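One structure below.
No value in this document is a laboratory result; all are computed from the given coordinates. Please read these numbers as outputs of a predicted model, since none were measured by experiment. In this analysis, Cβ positions are derived from the backbone assuming ideal geometry, glycine residues included, and neighbour counts consider all displayed protein chains.
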Amino acid sequence: MNVKFAVLLLAAAGLALGTTLGLRAVLAPPDPSPAPAAAPAAATRPALGVWQPAATPGAPVMLAFTDGTGAPRSLADWRGRVVLVNLWATWCAPCVEEMPALDRIAARLGGADFDVVAIAVDRQGDAVVRPFLEKLRLSRLALYLDASNAVVRVLGAPGLPVSVVLDREGRELGRVLGAAEWDSPAFEALLRRAIGS
């Protein structure tokens, strides 16, 4: 067989195959399966550090945890007060950033009508949380712990920190995902409105 003839034969076969595949692609019926859904827009995700009011007050939030002495506590212990519940951990950088602002707002507004309940969810519990709080020199935040992380599941927290403001009956008024400047004028006004209602 002549080399030129073999090259021409291969070229013709390739052209025929390419034409067949091309026609098949053009003549094939469209795929009936729907196109994959687009990823949700960033605007539909909750923004970090922004107040998200609850749609409805709902039932009282039930959380169980312990205090610094190991005694069992629940949010029922704060009925009659507006409560800012904060879930945090020593290994969470945004949590650590937020702690001084929580301490300052607790000093400013804390009393018979308002309290901050910052619950640490570190698995090592008191052994790591107590020295950490002492190092930060926070004077108003008491030591509350939940090494089981049950409070994270109950509140449906997608991450840490998360803060939830509860009315005097223990119902959620709203929440903030991520760190917030709780002692800023805007957040202080929000808390004062909750206390006044």
On a C-alpha basis, how far is the centre of the stretch 113-137 from the centre of the stretch 71-101 in Å? Whole number, if you could?
8
How much FRET efficiency would the formula 1/(1 + (r/R0)^6) give for Ala71 and Arg193, where r is the Cβ-Cβ distance and R0 is 41 Å, rounded to 0.05?
0.80
Note, Asp126: beta-carbon cut-off 12 Å, +1 each Lys/Arg, -1 each Asp/Glu, net -2
Tally Lys/Arg at +1 and Asp/Glu at -1 over every other residue whose Cβ is under 12 Å from the Cβ of Ala179; what's the total?
-3
In nm, to one decimal, how far is the modelled label at Ala59 from the one at Arg108, with both set 7 Å along Cα→Cβ?
3.5
Working from the alpha-carbon coordinates of the stretch 49-196, get Rg over Rh, Rh being the Kirkwood radius.
0.92
Taking θ = phi - 60°, what integer Hz values does the Karplus form 6.51 cos²θ - 1.76 cosθ + 1.60 yield along the stretch 116-128, in sequence order, with x for Gly and Pro?
9, 10, 9, 9, 7, 10, 4, 5, 7, x, 3, 4, 9
